[in-house]
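Chemist: I have a structure I would like to understand better, so I am pasting it below and will then ask my questions one at a time.
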Amino acid sequence: MRTVPLGRTGLLVTPICYGTWQFGGDWGTVDERAAIEAIQGARDLGINFFDTARGYGFGVSERLLGRALADELGTSRDSVVIATKGGLREDGGVLSRDSSPAWLRQEVEQSLSALGIDHIDLYQIHWPDPRTPLADTAAALGDMIREGLIRHAGVSNFDVEEMREFGETLRVETLQPPYHLFERDIETDVLPYCAERGIGVLAYGPLAHGLLGGAFDEYTTFPADDWRSVSPDFTGETFRRNLAVVGLLREFARRKGATVGQLAVAWVLAAPAVDAAIVGSRRHAHLKESAGAVDLELTGDDLAEIDRIASAASPVTGPRPD
């Protein structure tokens, strides 16, 4: 798979980034052997960019990623780009945000240990922490960059003002926002801000948390330990309305010789400021399908028609640590 520059970091990454959120427990029971095989399957497809987080099971996803890529991480470290995130904590089953310098340093050390590496290519603040000044958070990351624990610093789920404030202390190198056909708020100001400043964008949720994968119908249900089982976006009238839109997108994709999932990922990658789309799948066949989006070219007319079809959809969002 071809590589592209990730903003101005100097990192060359594949446009498909393999995400490991699904291995942290929020999406149901995890089969460790299958998870490792899925990660290795991503590598077999030529994917060199992997995203994880402490918050994905607080070490579970990072350990699985480290085990799956142990051979390369130990012998040819530059062959893969590892991104992880910190700034969340769990106390008594309650998830909260904490980007204080002391907590971040502890998390970085835990991430390095779980992944089995001596430095993190890209370290991102998972969510803005309203209780910690962004200048303190940025300064802490700057210290760890100088120490060689991390190479590049980014943020996730930040708005323009938060990026601007963070950037007064340390340059924001990347942003990881939610972005898909059913969640487009960042188009107004966030994406233009990133484009103007060379901030690399790795978008998560390009398949709208599975909705744009094309496998769901009105009878689809989710296990009790899958966050979608209690999400209003995946039940009732909202779900049925969006499934109808997915059906129309599927027909359009078929005319392009593609699947609806490939169309959705290609649409995200077509945004001028987006460098990579984060795709997570437990099944190699599904990941291989998504990877095909890299070769799907969408014309201006295609994008206009996709926008017209998607205009009938209801917004779909993911869980928040609030």
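The values are calculated or read from the model by the stated rules, or taken from the named source; none is laboratory data. These numbers were taken from a predicted model, which means no experiment stands behind them. Note: ideal-geometry Cβ built from the backbone for every residue, glycine included; neighbour counts use all protein chains shown. Areas reflect the complete protein model, heavy atoms only, side chains present, ligands, DNA and RNA absent. Shrake-Rupley method; radii C 1.70, N 1.55, O 1.52, S 1.80 Å.
Chemist: Ordering K256, K288 from largest to smallest accessible area (1.4 angstrom probe), what's the sequence?
Modeler: Per-residue accessible area, sorted high to low, gives K288, K256.
Chemist: Okay, next question. Residue by residue through the range 151-158, which ³J(HN,Hα) values in whole Hz follow from phi under the Karplus form 6.51 cos²θ - 1.76 cosθ + 1.60 (θ = phi - 60°), with glycine and proline marked x?
Modeler: Taking θ as phi minus 60°, the curve returns 9, 9, 10, x, 9, 9, 6, 9 Hz for the range 151-158.
Chemist: Moving to a separate point now. So what is the diffusion coefficient of the range 131-179 in µm² per second by Stokes-Einstein at 25 °C and 0.890 mPa s, using a Kirkwood Rh over Cα pairs?
Modeler: 222 µm²/s
Chemist: Now for a different question. Taking the Cβ-Cβ separation of A70 and L12 as r and a Förster radius of 30 Å, what is the calculated FRET efficiency to the nearest 0.05? If you can, show how the numbers build up before the last one.
Modeler: Working: r = 22 Å, r/R0 = 0.75.
Efficiency computed from Cβ-Cβ geometry: 0.85.
Chemist: Please work out the C-alpha center-to-center distance from the range 146-206 to the range 46-77 and express it in whole Å.
Modeler: 22 Å
Chemist: Tally Lys/Arg at +1 and Asp/Glu at -1 over every other residue whose Cβ is under 11 Å from the Cβ of D44; what's the total?
Modeler: +1
Chemist: Follow-up question, since we're still on this one. Net charge within 12 Å of A273 by Cβ-Cβ distance, Lys/Arg positive one each and Asp/Glu negative one each, not counting A273 itself?
Modeler: On the way: positive: R197; negative: E187, D189, E196, D275.
Its environment carries a net charge of -3.
Chemist: Give a residue-ordered list of calculated ³J(HN,Hα) values for the range 123-129 (Karplus: 6.51 cos²θ - 1.76 cosθ + 1.60, θ = phi - 60°; whole Hz; x for Gly, Pro).
Modeler: For the range 123-129, the Karplus curve yields 10, 10, 7, 5, 9, x, 9 Hz.
Chemist: Still on this structure, please answer the following. For the range 151-280, give the percent of accessible area contributed by carbon and sulfur heavy atoms, probe 1.4 Å, rounded to a whole number. Could the numbers behind the result be given before it?
Modeler: Values: 2620 of 5340 Å².
Reported share for carbon and sulfur atoms: 49 percent.
Chemist: On to the next question. I need the peptides 248-255, 90-97, 15-22 ranked by packing, meaning the mean over residues of other C-beta atoms within 10 angstrom, with the highest value on top.
Modeler: Ranked from most to least packed, the peptides come out as 15-22, 248-255, 90-97.
Chemist: Right, here's the next one. Given T14, G41, V80, which one lies farthest toward the positive end of the charge dipole of the range 1-143, if we put +1 on the Cβ of every Lys and Arg and -1 on the Cβ of every Asp and Glu?
Modeler: Selected residue: T14.
Chemist: Then there's this: Can you give me the % of accessible surface on the range 17-79 that is carbon or sulfur? Probe 1.4 Å, all protein chains present, nothing else counted. Don't skip to the answer; put the middle values down first.
Modeler: Details: 1080 of 2460 Å².
Exposed carbon and sulfur together represent 44 percent of the surface.
Chemist: Looking at the range 146-281, what % of its DSSP beta bridges pair antiparallel, to the nearest 5?
Modeler: If I count the DSSP bridges inside the range 146-281, around 10 percent turn out antiparallel.
Chemist: For the charge dipole of the range 149-286, defined by +1 on Lys and Arg C-beta atoms and -1 on Asp and Glu C-beta atoms about the Cα centroid, which residue among Q262, V172, G200 has the Cα displaced farthest towards the positive pole?
Modeler: Of the options given, the answer is Q262.
Chemist: Just to be sure I understand: of the beta bridges DSSP finds with both ends in the chain, what percent are antiparallel, rounded to 5? Walk me through the numbers before you get to the answer.
Modeler: Numbers: 8 of 36 bridges.
Among the beta bridges of the chain, antiparallel pairing accounts for roughly 20 percent.
Chemist: Next up: Under the rule of at least 5 residues apart or a separate chain, name every residue whose amide H is placed under 5 Å from the amide H of S156.
Modeler: I125, Q176
Chemist: Answer rounded, prolate or oblate for the range 60-100, using the Cα gyration tensor with square roots of eigenvalues a ≥ b ≥ c: rounded when a/c is under 1.5, else prolate when a/b is larger than b/c, else oblate.
Modeler: Here the range 60-100 falls in the prolate category.
Chemist: Would you work out the Kirkwood radius for the range 77-234? I mean one over the mean of 1/r across all pairs of different Cα atoms, in Å. Before the final figure, lay out each step's value.
Modeler: Numbers: mean 1/r = 0.0582 Å⁻¹.
Computed over Cα pairs of the range 77-234, the Kirkwood hydrodynamic radius comes out at 17.2 Å.
Chemist: With a 1.4 Å probe and every protein chain left in place, work out the accessible area per residue of the chain in Å², rounded to a whole number.
Modeler: Result: 43 Å² of accessible area for each residue.
Chemist: For the chain, divide the Cα radius of gyration by the Kirkwood radius and give the resulting Rg/Rh value with two decimals.
Modeler: Ratio of gyration radius to Kirkwood radius: 0.94.
Chemist: Further question on the same structure: If you count, for each residue, the other Cβ atoms within 10 Å and average over each peptide, how do 276-284, 236-244 line up from highest to lowest?
Modeler: Taking the mean over residues of other Cβ atoms within 10 Å, the ranking is 276-284, 236-244.
Chemist: Name the residues whose placed amide hydrogens come within less than 5 Å of the amide hydrogen of S314, ignoring near sequence neighbours (fewer than 5 apart) on the same chain.
Modeler: Under 5 Å from the amide H of S314: N242.
Chemist: Still on this model: Which three lengths, in whole Å and largest first, does the range 1-87 cover when its Cα atoms are put on their principal axes?
Modeler: Taking the Cα atoms of the range 1-87, the three principal extents are 35, 28, 21 Å.
Chemist: Something else: Once phi is turned into ³J(HN,Hα) by the Karplus curve 6.51 cos²θ - 1.76 cosθ + 1.60 with θ = phi - 60°, what whole-Hz value does each residue of the range 167-182 show in order, with x for glycine and proline?
Modeler: x, 5, 10, 8, 4, 6, 8, 9, 10, 10, x, x, 7, 7, 4, 9
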